[in-house]
Amino acid sequence: MKNDPPSYETQALREFGEVLQGRRTIELFLHTRVPRALVTEAIEIATWAPNHHVTQPWHFYLLGKQSIEQCLDLCREIVTDRKGAKAGEFKRERWSEKPGWLVVTCRKSTGALLQQEDYAACCAAVQNFMLYLWKAGVGCKWTTGPITRDPRFSEIVGFDGEDAFVVGLIWYGYPKLTPTQSRKALTEVLTETR
């Protein structure tokens, strides 16, 4: 009796691959609201990301209208300080078109190795979140811009910057436009050793 591995050539696996390859960063969103239940399902799925010693170092913050308005004002202030009032207003206006806002933080660790592992786990959780939503027709943009490192941002969101740091500000919504993309050939990114 042979011990052959199960076939990996299945329709379900191909469809899963299409979801992974099809996901894109979305810049422009429709104004259609994403159901809260879908977003919370995606967060639940996100928490099943691999994490060493089951540290579960992540925390998710779904921002409401008041918090979003405060973030928009902070964004305008940060950009105005760096590039002038016109650029600040433009950036605030652009950001105000993002329908859903989620902030993901990572608990700070005492050891460098644990911190690296926890950050990697949080990144995997963000990817789970985005892929689940993508399968439901919802796109995301994961940003780590200057606002996410500003201490005023942690005050708005409601976490202590001494205990956690931002992994990403995730905007989500139904895509208005889905860009195309390509990747390097496998031969450029894979090395097989003996």
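Overall, the accessible surface of region 12-167 at a probe of 1.4 angstrom is composed of carbon and sulfur to the extent of 54 percent. Remark on the chain: C71, C75, C123, C140 stand apart, with no other cysteine beta carbon under 4.7 Å. From helices alone, the chain scores -14500 deg cm²/dmol at 222 nm; the rule is -39500 (n - 2.57) for each run of n ≥ 4 DSSP H residues, then divide by the residue total. With N as its number of residues, region 1-66 has a Cα radius of gyration that, divided by 2.2 N^0.38 Å, comes to 1.68. Placing +1 on each Lys and Arg Cβ and -1 on each Asp and Glu Cβ, with no other charges, gives region 116-194 a dipole about its Cα centre of roughly 640 debye. With a Cα cut-off of under 27 Å and a minimum spacing of 8 residues unless on different chains, the lysine pairs in region 1-135 number 9. Farthest toward the dipole's positive end in region 114-165, which of L133, P151, A164, given Cβ charges of +1 (Lys, Arg) and -1 (Asp, Glu) about the Cα centre? So the residue we want is L133. Here is the list for region 108-194: GluC sites (Glu not before Pro) lying in DSSP coil, each with at most 13 other C-beta atoms within 10 angstrom of its C-beta, are E162, E192. For the chain, the spherically averaged projection of the C-alpha convex hull amounts to 15.9 nm². Straightening the chain between R14 and A112 buys 31.5 nm, computed as 0.36 nm per residue apart minus the Cα-Cα spacing. Under the combined filter of DSSP loop state and at most 11 neighbouring Cβ atoms within 10 Å, region 1-90 retains these trypsin sites (Lys or Arg not before Pro): K2, R33.
The values are calculated or read from the model by the stated rules, or taken from the named source; none is laboratory data. Owing to the predicted nature of the structure, the values given are computational and were not obtained by experimental measurement. Virtual Cβ from ideal backbone geometry, glycine too; neighbours counted across all protein chains shown. Areas reflect the complete protein model, heavy atoms only, side chains present, ligands, DNA and RNA absent. Shrake-Rupley method; radii C 1.70, N 1.55, O 1.52, S 1.80 Å.
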